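Here you go, one structure.
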Amino acid sequence: VQSAAVLWVLYYAMLVPLAYLSRASRSRSPWRAGARRPAWLARTTRTDDLLSARRQF
Amino acid sequence: MHVLGVSCYFHDAAAALLRDGVLVAAAEEERFSRVKHDFSFPSRAIAFCLGRAGIPARELDYVAFFEKPLIKFERILQTSLATAPRSAGVFRQAMTGWLLDKLWVKSLLRSTLGVPAERVLFCEHHESHAASAFLCSPFDEAAILTVDGVGEWTTTAVGTGRGNDLRLSEEIRFPHSLGLLYSAFTAFLGFEVNEGEYKVMGMAPYGTPRFVEDVRKVVTIGPDGAFALDLDYFSFHYSPTRTFTPRFERLFGPPRPPGLPFFTESTEFPAYYGDKPGNFRELARENQRYADIAASIQAVTEEMVLAMARHALARAGSSRLCMAGGVALNSVANGRILRETPVTDLYIQPAAGDSGAALGAALHAWHVVLGHPRGFVLDHAGWGAEPDPGAIEDVAAHCGLAVERCASEERLLDRTVDLLQHGAVIGWVQGRFEWGPRALGHRSILADPRRTDAKHVVNTKIKFREPYRPFAPSVPVEHAAEYFELGEPARHLPGRFMLLVAPVRPEARARIPAVTHVDGSARVQTVAAECDSRYYNLISRFGEATGVPVLLNTSFNLRGEPIVSTPQEAFSTFSRSGMDALVLDRTIIVKGPS
């Protein structure tokens, strides 16, 4: 119950205001509604070195 | 050196173990837990792999996880933020899973396996897919295409594999996803997401693709295969329960209620559906609309996959293609790639979905991260557990049915062919169970494909599955071209894994009616003597006896259950179904008079 309460407080205290604040940038976001022009994006990340592969990110 | 690959926490958890770069064992957790599409931490599959290799967990040199959890977590947080407050449900559901389990994968792997932190590696989701497609293929160089629902951010990627290296050069990112587009239609058509996609594919040939232009309204497709969803039609990124919006419903009409039997004027209405409703014609007409929608999304999916395959080939400057990701299990699209693109050679490993990413992560660690040269080709699917002889003997001793222990291979094959010729439906348990979702003659239900009623019999006595779903044929690779338009069957390893749908030759359709789908196609499994000698010999012997070297092959399970693994599970399924005989290695158990 405590965890759930913390989650909800986090959600409303942090995410909702941020969401509204970020509304201006939403027109550029990948979630913008409406038809979009399809395009391949360049892929930049690689995990082929041991240091990178050890990281969870 | 031992490298363990692990995938879990989305769907189809699995483990795969390499010894010096050669696969020792690979299995999906559901085969042990008996929970279909089990996504929990694959502790049983890991234990099996370690047992098969004969090593304790502490002797593992590396453990490779199939994705980067923190990047995925970032995507979920960003999505929740961008779609707040509608995303409250998704946020709550996601946070529970992430805070309790998914963020602590590294700790869990360390504590469970006793492997030091620096030996736990993380490979990006689509790199795992790409590695599973290319690094165990027979090609020195090839184009790579990975397409699925979503990994961290990537939903689709193209790249090149050369030697022991692979590079993904371009991608399409969430929320634009072909896998999620297909899943939205799967849900709309009343099926379970991540489970019912095969049903949509099977339903499609009963429809006419008259909604293709409407499907194009929800997804824009570029000439190079790039695509973008119109998010006005989708809610998968903010709703935990619905994947499409009311606008989607206004375009395609009301969704099909889940759980209702599906039939049209051209499908059967099997007895297990109950009594035929009084308004049968009206319901059949309504279902026909759903079949037309299935045909339309399948047609657009094929068009997109073909365009992406051409793009991947052009970018890589290659005529060879390796594919992975859940969409690579769309065997109709795969068959068209072979027939309609410049591809000369295609490779897809049998567990092309997320379970196969466990293998990919291990291969990526071994070859790309650690720099070892290649040498292993995955050319068969038998990487699971073998039936225990003691368990077979135990089943035989306590089954209370007629049991025959065949002293020779010849006797086993002759007796099984005799049963098949006399119309028996047989459970067939041989060798190590299959890696991936398809039964390929290791844990299969077999029947005579020449019988027009075989499909009906298998459906009504055993599988109780929808009558519009086809059964697959198994054929020795040397005979495949006599029955199916497969070009050079021996050249295409995906055919061994039942990943290609091909037209049945018109002159052969009447000879194998039980495995010829309504559109004249079949999801063929080619069988090679060097990989599955007993199954190959059985089909060949059946061919000698009947003139038709083809068997109907479907997975050894009941509806809603995972494919059987052990002799006990096989006998339990056999007992609860209308199968006539069960073949466990060289032991034959027959119901009724033998």
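Quote the convex hull volume per residue of the stretch B:165-323, based on C-alpha atoms, as a whole number of Å³.
143
Rank these for me by crowding, B:Asp414, B:Asp230, going from fewest to most other beta carbons within 10 Å.
Ascending Cβ contact count within 10 Å gives the list B:Asp414, B:Asp230.
Now for a separate question. How far is it, in nm, from the label point at B:Glu249 to the one at B:Ser33 when both lie 7 Å from their Cα along the line to the Cβ?
So the two model labels end up 3.3 nm from each other.
Is the stretch B:47-154 rounded, prolate or oblate when judged by the Cα gyration tensor, a ≥ b ≥ c being the square roots of its eigenvalues, rounded requiring a/c under 1.5 and prolate requiring a/b larger than b/c?
Verdict is oblate for the stretch B:47-154.
Just to compare against my own numbers: the Cα pair-distance distribution for chain B, 10 Å bins, whole % per bin, please.
3, 17, 27, 28, 18, 5, 0
Can you list the DSSP H helices in chain B whose Cα atoms extend at least 27 Å along the helix axis and whose mean Kyte-Doolittle hydropathy is -1.0 or higher?
Span-like helices in chain B: B:280-316.
Now for a different question. Sequence neighbours fewer than 8 away in the same chain don't count; with that in mind, list the lysines whose C-alpha is under 17 Å from B:Lys461.
Those lysines meeting the cut-off are B:Lys591.
Going by Cα centres, the stretch B:310-328 and the stretch B:509-537 are how many Å apart?
26
Sort B:477-484, B:557-564, B:113-120, B:428-435 by the packing proxy (mean of other Cβ within 10 Å over each peptide's residues), most packed first. If you can, show how the numbers build up before the last one.
Values: B:477-484: 21.0, B:557-564: 18.4, B:113-120: 15.6, B:428-435: 24.0.
Output ranking for B:477-484, B:557-564, B:113-120, B:428-435: B:428-435, B:477-484, B:557-564, B:113-120.
Shifting gears a bit: Suppose a student asked you for the relative contact order of the stretch B:157-221, using Cα pairs under 8 Å spaced at least 6 residues apart; what percent would you report?
Computed over the stretch B:157-221, the figure is 15 percent.
Here is a further query. Provide a whole-number value for the mean count of partner chain Cβ atoms within 10 Å of the Cβ atoms in peptide B:46-56. Walk me through the numbers on the way to the answer.
Numbers: counts 0, 0, 0, 0, 0, 0, 0, 0, 0, 0, 0.
Rounded to a whole number, the mean comes out at 0.
To continue, here is another question. Sorted by mean Cβ packing within 10 Å, highest first, what order do the peptides B:223-229, B:177-183, B:14-20 take?
B:14-20, B:177-183, B:223-229
In the neighborhood of B:Pro240, defined by Cβ-to-Cβ distances under 15 Å, what is the net charge if each Lys or Arg adds +1 and each Asp or Glu adds -1?
+2
What does the net charge come to around B:Leu558 if you take all other residues with beta carbon closer than 9 Å to its beta carbon, with K and R at +1 and D and E at -1? Display every interim value, and only then the final one.
Values: positive: B:Lys463, B:Arg559, B:Arg576; negative: B:Glu561.
That sum, taken over residues with Cβ under 9 Å, equals +2.
Give me Rg/Rg_expected for the stretch B:125-211, where Rg uses Cα atoms only and Rg_expected = 2.2 N^0.38 Å with N residues. The partial results should precede the final answer.
Numbers: Rg = 15.6 Å, N = 87, 2.2 N^0.38 = 12.0 Å.
Its radius of gyration relative to the 2.2 N^0.38 Å reference: 1.30.
Right, here's the next one. Take the Cβ-Cβ distance between B:Asp519 and A:Phe57 as r, set R0 to 51 Å, and report the resulting FRET efficiency rounded to the nearest 0.05.
According to the calculation, E is roughly 0.65.
Shielding by partners for B:72-85, please: the mean number of other protein chain Cβ atoms within 10 Å of each residue's Cβ.
If you average over the peptide's residues, the count of other-chain Cβ atoms is 4.
A follow-up question, please. Take the Cα atoms of the stretch B:27-73, find their three principal axes, and give me the spread along each one in whole Å, biggest first.
35, 29, 11
Under 18 Å Cα-Cα from B:Lys102, which lysines qualify once same-chain neighbours fewer than 8 residues away are excluded?
The reachable lysines, counting only those whose Cα sits under 18 Å from B:Lys102, are B:Lys68, B:Lys72.
What's the average, rounded to a whole number, of partner chain beta-carbon atoms within 10 Å of each residue's beta-carbon in B:169-180? Mind showing how you got there, number by number?
Details: counts 4, 5, 6, 5, 3, 2, 2, 5, 0, 0, 0, 0.
Partner-chain Cβ atoms within 10 Å, mean over residues of B:169-180: 3.
So, R0 is 51 Å and r is the distance between the beta-carbons of B:Asp232 and B:Arg405; what FRET efficiency does that work out to, to 0.05?
After rounding to 0.05, the efficiency reads 0.20.
Less than 11 Å Cβ to Cβ from B:Ala581, Lys/Arg counted +1 and Asp/Glu -1: what total charge do the surrounding residues give? Please list the in-between numbers first.
Numbers: positive: B:Arg415, B:Lys591; negative: B:Glu404, B:Asp418, B:Asp580.
That sum, taken over residues with Cβ under 11 Å, equals -1.
Let me ask something else about it. Any chance you could list P(r) for the protein assembly as shown, counting all Cα-Cα pairs in 20 angstrom bins from zero, rounded to whole %?
Over the protein assembly as shown, the share of Cα pairs per 20 Å bin runs 19, 53, 26, 2 percent.
Now a separate question. Under 24 Å from the Cα of B:Lys217, which lysines turn up, not counting those fewer than eight places away in the same chain?
B:Lys199
Given a Förster radius of 25 Å and the C-beta distance between B:Leu70 and B:Glu192 as r, what FRET efficiency does 1/(1 + (r/R0)^6) yield to the nearest 0.05?
0.25
Separate question: At 7 Å along the Cα-to-beta-carbon direction for both A:Leu41 and B:Arg210, put a label point, then send me their distance in nm to one decimal.
3.9
Helix-derived [θ] at 222 nm for chain B: sum -39500 (n - 2.57) over DSSP H runs of at least 4, divide by residue count, nearest 500?
Calculated from helices alone, the mean residue ellipticity at 222 nm is -10500 deg cm²/dmol.
Going by average Cβ density within 10 Å per residue, which order do the peptides B:197-209, B:438-450 take, highest to lowest?
Final packing ranking: B:438-450, B:197-209.
What nm distance separates the two modelled labels at B:Ala510 and B:Thr452, each placed 7 Å from Cα along Cα→Cβ?
1.1
How do B:Ile144, B:Ile71, B:Ile55, B:Ile297 rank when sorted from fewest to most other Cβ atoms within 10 Å of their own Cβ?
B:Ile55, B:Ile71, B:Ile297, B:Ile144
The numbers here are math on the coordinates, done by the rules we state, and not lab data. Keep in mind that what you see is a predicted model, and the values were worked out from it rather than measured. Positions of Cβ are backbone-derived with ideal geometry, glycine not excepted, and every protein chain shown enters the neighbour counts.
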